[in-house]
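The values are calculated or read from the model by the stated rules, or taken from the named source; none is laboratory data. All of these numbers come straight from a predicted model, not from anything done at the bench. Counting neighbours? That spans all protein chains shown, and the Cβs are built from the backbone with ideal geometry, glycine included.
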Amino acid sequence: MTKLIPFLALTCLVFFSGCSKEEGCTYPGACNFNPEAVVDDGSCDYSSCSGCTDPAALNYDAGADTDDGSCLYDPTVSTVDCVSSVDFDEYSYPVVGIGGQCWFAENLRSGTFQDGTEIPFLNSSAFPDLETPALTTYNNSSLILESHGHLYNGFAASTATHGGICPSGWHVPTELDWVELESFLIGAGYGDRMGTALKSTSGWAEAGNGDDAFGFNGTGGGVIWPDGGSYNYNNIGTYWTSSTTAATPESGNYRQLANTTDQMANGPYWLVTGCSVRCVAD
């Protein structure tokens, strides 16, 4: 019997690679995978080596081997290279990059089309009867022009005549341009606060200021209503799109910021309405 014990031990070593099989994590996808383990001991860890593996993210983890989808990005960082300003009709407009778009950071105040042709400046009382491009200022005030720009009727905002009302390389945003901006705001966490994100930090009535999270600097320039009257200065800022609708009377789409809400409204206005304009890069 004494001679049999060494024989049995040798048999285990040769035929079974050891009677005591190594235990550990046997799943290759685990952080603590042990390629030498034969028996899984339930110790597999799937989290300690997971994290954000994108160096461009705010929470990049240099020690992470597996990306777990947790990467966070600074929403104020634009993914597009914009010029700092654009000169047009004797005025220099600051430019801001928001997501993949370049926007004017002030309302348009130009009195000419792109080719230099003058846009008729009329008293707002004439707007209800117009079927051609025109502009005015709120209450015909030069002071309001300095802070909020001109108010253009929808015929001016939607026309391509004379190159349109924005400078070369720029255009009045289409409905799709605004949708792209909205999609960015949703992704940046402002889905229910688009108005707050775009409104300026001062100038709005009744504590209705925004946080201007991306430099859009939206102001409450008011509106010329289809009756020719000026309404809601510092209470609303309404921006034309260049996209018209099939409605009667002829209408165009808009986006609207207001001092009473964190949201951004949209809908159609008759083209005889006077609204602000922002230009976006082609």
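Quick notes
- Some residue of the stretch 227-250 being in contact (Cβ under 8 Å) with a residue 60 or more places away in the chain and within 30 Å of Cys71 (Cβ to Cβ): no
- Scanning the stretch 92-147 for residues that are under 27 Å from the mean Cα position of the chain (by Cα) and in a strand (DSSP E or B) yields Ser92, Tyr93, Pro94, Val95, Val96, Gly97, Ile98, Gln101, Cys102, Trp103, Phe104.
Each row is one residue, and each column tells you yes or no for (1) surrounded by fewer than 12 Cβ atoms within 10 Å (Cβ to Cβ); (2) in contact with a strand residue (DSSP E or B) (Cβ under 6 Å, 6 or more places away or on another chain); (3) at pLDDT 85 or above.
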site	(1), (2), (3)
Leu10	yes, no, no
Ser20	yes, no, no
Pro28	yes, no, no
Asp41	no, yes, yes
Cys44	no, yes, yes
Gly69	yes, no, no
Asp81	yes, no, yes
Phe88	no, no, yes
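- Residues of the stretch 196-227 that turn out to be within 21 Å of Glu146 (Cα to Cα), of a type in the set (Phe, Trp, Tyr) and under 13 Å from the mean Cα position of the chain (by Cα), as a count: 1
- All told, Asp54 falls short of being under 25 Å from the mean Cα position of the chain (by Cα) and either in a strand (DSSP E or B) or modelled with pLDDT of 85 or more (or both).
- All positions within the stretch 201-226 that are without any contact (Cβ under 8 Å) to a residue 24 or more places away in the chain and among the β-branched types (Val, Ile, Thr): Thr201
- Where a residue in the stretch 43-56 is without any contact (Cβ under 8 Å) to a residue 12 or more places away in the chain and not assigned by TED's automatic domain parsing to the domain that holds Asp67 and its partner, wherever it lies, is in a loop (DSSP other than H, G, I, E, B) and among the polar types (S, T, N, Q), with Cβ under 6 Å and at least six apart: none
- Residues (acidic (Asp, Glu) and either closer than 21 Å to Met194 by Cβ or under 16 Å from the mean Cα position of the chain (by Cα) (or both)) located in the stretch 237-274: Asp262
- Leu181 vs. criteria at pLDDT 95 or above, within 9 Å of the chain's Cα centre (by Cα) and not in a strand (DSSP E or B): yes
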